[in-house]
Every structure is written in C-alpha cells, then in structure tokens.
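The values are calculated or read from the model by the stated rules, or taken from the named source; none is laboratory data. Keep in mind that this is a model prediction, so the values were computed, not measured. A quick note on method: Cβ atoms are made from the backbone with ideal geometry, for glycine too, and the neighbour counts reach across all protein chains shown. Remember, those area values only see protein heavy atoms, side chains included, never the ligands or the DNA or RNA. Shrake-Rupley method; radii C 1.70, N 1.55, O 1.52, S 1.80 Å.
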Amino acid sequence: MAKTQAEKKKESQARMAKNNGGNQSNGSKARQDSTKPVSVPYNFVSLPEQVIPAEFFEPDSGKDVKDLYKQHVLTNGKNSGYIDINILTQTPLFIGGNVVTKNGEEYQEFFGGNDNPIIPGSSLKSMIKQILKIVTASGFKAYNSESGVGDFEDRRLFYREVGKLSSEYRKRMVKETTGKKRSETKAQAGFLIKTNNHKFYIINAKFDVLDYDEFPYLKSKRSRAGVDWEAGYVNIHTGSMSTKKSFVRIFKPNDFAVNQAKISDKIIENYEYDYKYNRVVANKNAIDLLETKKKCMGKIGDAAQKFTGRSDVTYVVPCFYIAKDGEVQNFGHGRFYRIPYDKSIGDHLPTALKLQKNVVDLTESILGRSRDWAGRVSFSEAHLCNEPKWCECSKPQPLMGPKPTSYQFYLQQDTKNPNSILNHWDSPNASIRGYKLYWHQPISKANSWKNPSNREGDKLSKYIQPIDSGITFKSRIYFDNLSDIELGALLLTLNLDRLELNTVSNEKKSISYKLGKGKSIGLGSIKLNSSLHILDRDKRYYTLFDNDAWQLGEIEISKDTFINAFLKYRDDILGENLLDHNEMLEELVTMMDWNIANGINEVSTSKWTEAVTMMPVGKADPYQRFIKRVKLGTPSEFLKAWSKK
C-alpha cells in the first residue's frame, strides 16, 4: 500500500532527528537558550513535494517535448488577450536605473529618470514568475549559465566559523596536537601558478612557522596581510591583528616541474565568487590570490618565469592548499584559510525534486523554456497614472543580501526541538528551505529607509531617491494562446485573495507584493489590481465596427472560470499531495499579508518593527542570537514567536 505524504513526512523527520542525535560529527550543537526569537526581514516558502507538470508533458513517452508543446498550443491555446494591472505603492519604491556621479558621489537614478519614472516589464516578470512558480508547484532548478535560467546557483559555500574551537572547520583544518604552543594546519604549502594556456596548478613546497620576536624588522608587517618575496623564500603575513605572534616562511622548491597538483575551473570559480561576494565585503583588505593588477601579491610575466624557471608560467603566488588524488580541493593565503563545504547547494535539494528535475512544469509552459520555446506572456512597462511624489534623496541603510552561510536560516532544522543538533551544508539529508521572500514592514519603518550614518564604509553605497507611497502605476500583461488552465494559473498568481485556505488560519488576508530594491529595509510593498480582457479573434476581424466604435473583439468572462480550471487540474494531479501544496500556499499568503505589517493581526506594529529588523551580528546583540545560531521557524512559527502575549 502506498504511503501518504503525511507518513513520508514523519519518516523524513524521524531520519533528521536520528541523524541529528546520533551523528555529532555532522552537525553543530545549537545553543537555543536565547530569550528572544530571531529577527530577520525574510523567511521561506517551502518547496513542493510533487511538481505539477505542464498539460502536454508525457514522461517516458519518447516523444520530443517541443513537438508536444507545439501540439498543445494548437489544440488548447484558445485564450488571447491582456490583463491591465494597477500598481499602488504602499511603501516607498525604488527601481534602479543609470548611475551618475555628482560632486564625487555616486547617484543611482530611478529607472527611466525622474522626468519619466518607469517600472520595466522585466522587473514585473521576475516578481510574478517567483509567485507563479509557487502557485503552480513548479520545479526548483539550478541556474544554467548557457540559458541564463534557474532558481539558484549551485555552488559550494564557505565556512564562516573559522576560529571556533569545536567547529567543523577545525576538524578539517587543524591537526590534533598535545603539548604544543600553536595549532598545526592540515594544509600544505605551495606556489600557485597559471600557465599560458590558462590552466592553474600548485607546486608543493616546504614551510616553517616563525616568531615575529625573532625578526624585529618584520613586526611592522604583522597587522596587514601581505607577501615578502626573497630569492629563496617568501614570508606570508596574514594580518588583521597587531598582536600576531607568528608568520609563515614558504621555501622556493628546487624544481617547479614536479609535485604539481591541478586546480579545476570549478575550484577557481568558487574561490573568486567567495572573494567577490563574501570576503572583500566583510574586509576591504582581504587578499585575492588571483588578482594580477592593483593588489597583486604574486609575480607576473617575466618575473614569474624567472622565479619558477618555467617559460609557460604567466603568474605565480604562494599559498596553502589541500589536495586529494592529485587534485586541489581548496586553497587560500594563510595556514588557516576559509574552506568550502564538501556538498553544494544542489546536493540539498529534496530527493523528490531531484527525481523530477526533467519534468516540464506550468511555469515553463507559460513563460518559456530556455531555448526550446519562447513564452506566450509579455510584460509591458508600467507608467505613472498621476504626478510623482518623491522621497528625499539619500543613501539607504545597508541592504541585506542573501547570506546562505547562515545555515540555521537557510536549511531545514528541527524547530520542534530547540537544542537539537543543527544541520549545516555538509549534513546528510538536510534540505534547503525553499523560496526566499521578504516580509512587508510597517510604513513608519519603511519611511526610515535613509542611513543616518556617515561612516567610511557608507561610501560604498549610492544615493537613491525612491517614489513615495500612494503613487499608482499602470501596466499591461499580454498573453497569446494560453489554455484555460494556464490562464487560470496566471490569474490566480495576480489574485491570491481568491484562494480559500483553512490549513492554519481563517483570517482574511490583504495580499500585497514586493518589488524593486531595498526589500530588506521595507521598500517595495505594492498592491495589485487587475482586470481581464479576452479577445475573440473571429468577432474582431470579421466585424469592423461595434455601433459607432471600432470592434475590439473583447468578451467578458469571469476570472473564476479560469482560476477554477487551474485548481481542478491541480487537485487532480496532486491527489494526496494536495495538503502539502495548500500548506505551501498558506506560507506564501502569510508572507504577503499586508495586515501583519500594520498590526491588524496577532503582532503589534512595534513588535513587528523589531521582528523584521535584521538582528546585529556578534556581541552587538545582547541575546547573541547569531552566535548561538538560533533557528528560524516557518512563517507561521515566526509569527507565533513574535505574537502578542
């Protein structure tokens, strides 16, 4: 007898609990003794257990999917027309446009400029596509660089807790020693080289750890990371602290043609990504071993060839690394450098979605599938319906970008047991949380988007001038040859108030969307109102006039006709998995509920302001919630934690 989805979920939770409780080496102990729940401006909508396929998809049929798609459009694509969209700004809105320099400062204009502010169709499409994927239980697929399409970038993340004595990092990078003054690394020393065919290798070398006290003339260099090049060796300084007691000396190998380990393109790409989006963001003086221009730590061209004795070498720089079977696994500047997890983000997709990765879903059918076919829906620019009202021009508060290294937020955790072992990016059977959405924030908080600080770091941000709340834009979405089911899915995405969900709460929700930049600081909350216009082509082209006006060929059909067609198709496909999808939709409409931001539901405005403000990192937070890795619950659990007592 087939197991129900509820039974499958219980088994999955049991496996997670067993894994957490029985394998201490695969997790970090969560210290959940904080008296305060986490406060973050985002949460996640779960991924589907079952993907709803496109109407024409026939698995294992052996037929070309492009032929099936064409036949589907010819047979079922009866609906063409447009949907008029009114967009009301509920909090300030900013869509990034051109960047200009004035008096030495960078200003980013609103898209289209202040004289003609526009919401581009691409921004509307991105916003609607994410919601459509959730509504239609579509697949969740890795980004494809060739097609430019995907839901996430499948890469390996890097450890953040480098200095923790009991961390997973130390188990991989630090040798167990007794009676020694300093820790010993498991990494080897070497010289990274780049050849004239753009391949990377590391040549193994010997090294020694030396005390600054024995070399007084080098003490001035211990507070800043760098490299000293000498004829037979290099000195490695890792910087950051003026109290550093030691540095490393790597000795030049006798022969740069032996003891060579290859570095794959993937390892290079991962290193460059971590530098660009993590290390240099946290520390502007971070070392980039691959930099060959302004902050170059290595030798280039003739100097590199002279040092290595190889005519094919174009660049050389000292480093530390770990290799396996002749392949470099990771590398860095000092003995204890940042290392990536073994597993990638894609390894943490739920098994059910991995098995359904080749399913053509409804989103692909409607909006297009890479190079196989174009979408049958197009999004026009949104233009103002009234005179613009602008906010003050200012630098915004720091924008919170995605930080998936915070695995207590981005991976599913056992939130029922606060003190259970935390899943991290190398934990087996740990699944990613799903679609990341931002909460709506109280108007008073959203209006405080300006950054009052004048610190040096703020020079990295640009001045912006958002459109104020209470401004209306108008756009039009055109669709061609959609089936009743496809049009219903699109209409439901734009009219989520038509959903009748009773899985968690019977309270009526006021649905709003998030658009543009600055979502984490409250910008971009908008209200959508839509009207459907179906075109009868026979009526339009066979009759020129309608009384004294042109015959537009429009016919009136209720949105519910199409929405109900989609819901019936969904119900028939999902069967026993329907409950899971309704729970997904409940999470979605909870995240999109404007009432929560205004204290109409269970959380007061003052509490909600605190709840959606990114909590400080480290000791700046009196509750030390980041340090203690306090878990983030589901949207409903988050609301409950911050609810009125």
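Observations on the structure shown:
- Taking the listed residues Lys266, Lys244, the one that is basic (Lys, Arg), out of contact with any Leu (no Cβ under 9 Å at 6 or more places or on another chain) and in a loop (DSSP other than H, G, I, E, B) is Lys244, with no other qualifying.
- The one condition in (1) touching a residue at least 12 places away in the same chain (Cβ under 8 Å); (2) out of contact with any helix residue (DSSP H, G or I) (no Cβ under 6 Å at 6 or more places or on another chain) that Lys403 fails to fulfil: (1)
- Matching residues in region 222-265 - criterion: being of a type in the set (Lys, Arg), open to solvent by 80 Å² or more (accessible area, probe 1.4 Å) and modelled with pLDDT under 95: Arg224, Lys245
- Out of Glu387, Glu327, sole residue that is of a type in the set (D, E, K, R) and modelled with pLDDT of 95 or more: Glu327
- Applying the criterion of being over 30 Å from Asn116 (Cβ atoms) and basic (Lys, Arg) to the residues of region 388-423, the residue that is least open to solvent (accessible area, probe 1.4 Å) is Lys403.
- Some residue of region 212-221 being open to solvent by less than 70 Å² (accessible area, probe 1.4 Å) and within 20 Å of Gly332 (Cβ to Cβ): no
- In region 127-146, the residues that are without any contact (Cβ under 8 Å) to a residue 40 or more places away in the chain form Cβ pairs under 9 Å with partners that are open to solvent by less than 50 Å² (accessible area, probe 1.4 Å) and part of a loop (DSSP other than H, G, I, E, B), at six or more places apart or across chains, as follows: Tyr143/Gly150.
Here's the yes/no breakdown for (1) touching a residue at least 40 places away in the same chain (Cβ under 8 Å); (2) under 31 Å from the mean Cα position of the chain (by Cα); (3) under 18 Å from Phe320 (Cβ atoms):
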| position | (1), (2), (3) |
| --- | --- |
| Ser223 | no, no, no |
| Ala231 | no, no, no |
| His237 | no, no, yes |
| Ser240 | yes, yes, yes |
| Thr243 | no, no, no |
| Val248 | yes, no, yes |
| Lys252 | yes, no, yes |
| Gln260 | yes, no, yes |
| Asn270 | yes, yes, yes |
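- Boolean, Ile322 is on the phi < 0 side of the Ramachandran plot, touching a helix residue (DSSP H, G or I) at 6+ places or on another chain (Cβ under 9 Å) and either touching a residue at least 12 places away in the same chain (Cβ under 8 Å) or open to solvent by 20 Å² or more (accessible area, probe 1.4 Å) (or both): yes
- Filtering region 61-102 to residues that are among the charged types (D, E, K, R) and in contact with a Ser or Thr (Cβ under 9 Å, 6 or more places away or on another chain) leaves Lys78, Asp84.
- Residue match in region 324-331 (condition: more than 31 Å from the chain's Cα centre (by Cα), of a type outside the set (A, V, I, L, M) and in a loop (DSSP other than H, G, I, E, B)): yes
- Hey, Pro92 in contact with a Cys (Cβ under 9 Å, 6 or more places away or on another chain), at pLDDT 95 or above and open to solvent by less than 20 Å² (accessible area, probe 1.4 Å) or not: yes
- Residue list for region 286-319, filter: touching a helix residue (DSSP H, G or I) at 6+ places or on another chain (Cβ under 8 Å) and either open to solvent by 60 Å² or more (accessible area, probe 1.4 Å) or among the small types (Gly, Ala, Ser) (or both): Ala286, Gly298, Ser311
- Pairs where the first residue, in region 190-202, is under 12 Å from Val317 (Cα atoms) and the second is open to solvent by 10 Å² or more (accessible area, probe 1.4 Å) and of a type in the set (Lys, Arg), C-beta under 7 Å, 6+ apart: Phe200/Lys194; Tyr201/Lys262
- Leading residue by the ranking (nearest to Gly522 (Cα to Cα)) among those in region 386-436 that are in a loop (DSSP other than H, G, I, E, B) and among the basic types (Lys, Arg): Lys395
One line per residue, one yes/no per condition, for (1) at pLDDT 90 or above; (2) part of a loop (DSSP other than H, G, I, E, B); (3) open to solvent by less than 50 Å² (accessible area, probe 1.4 Å):
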| site | (1), (2), (3) |
| --- | --- |
| Gly81 | yes, no, yes |
| Thr101 | yes, no, no |
| Lys125 | yes, no, no |
| Ser183 | no, yes, yes |
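- Evaluated against (1) in a loop (DSSP other than H, G, I, E, B); (2) among the charged types (D, E, K, R); (3) open to solvent by 90 Å² or more (accessible area, probe 1.4 Å), Lys276 falls short on exactly one condition, (1).
- Single unsatisfied condition, Cys385 versus (1) hydrophobic (A, V, I, L, M, F, W, C); (2) surrounded by 14 or more Cβ atoms within 10 Å (Cβ to Cβ); (3) more than 26 Å from the chain's Cα centre (by Cα): (2)
- Within region 406-428, residues that are aromatic (Phe, Trp, Tyr) reach partners that are not in a helix (DSSP H, G or I) with beta carbons closer than 6 Å, at six or more positions or on different chains, in the pairs Tyr407/His424; Tyr407/Trp425; Phe409/Leu632; Tyr410/Pro404; Tyr410/Arg433; Trp425/Leu157; Trp425/Tyr341; Trp425/Lys343.
- Scanning region 103-123 for residues that are exposed (fewer than 15 other Cβ atoms within 10 Å of the Cβ), not charged (D, E, K, R) and not in a loop (DSSP other than H, G, I, E, B) yields a single hit, Ser122.
- Residue within region 39-61 that is at pLDDT below 85 and surrounded by fewer than 18 Cβ atoms within 10 Å (Cβ to Cβ) present: yes
- Taken together, the criteria exclude Asp538 from residues that are farther than 27 Å from Ala597 by Cα, of a type in the set (D, E, K, R), out of contact with any Gly (no Cβ under 7 Å at 6 or more places or on another chain) and modelled with pLDDT of 95 or more.
- Being at pLDDT 90 or above and open to solvent by 30 Å² or more (accessible area, probe 1.4 Å) is true of Asn529.
- Residues satisfying the stated conditions in region 134-157, i.e. open to solvent by less than 20 Å² (accessible area, probe 1.4 Å) and not in a loop (DSSP other than H, G, I, E, B): Ile134, Val135
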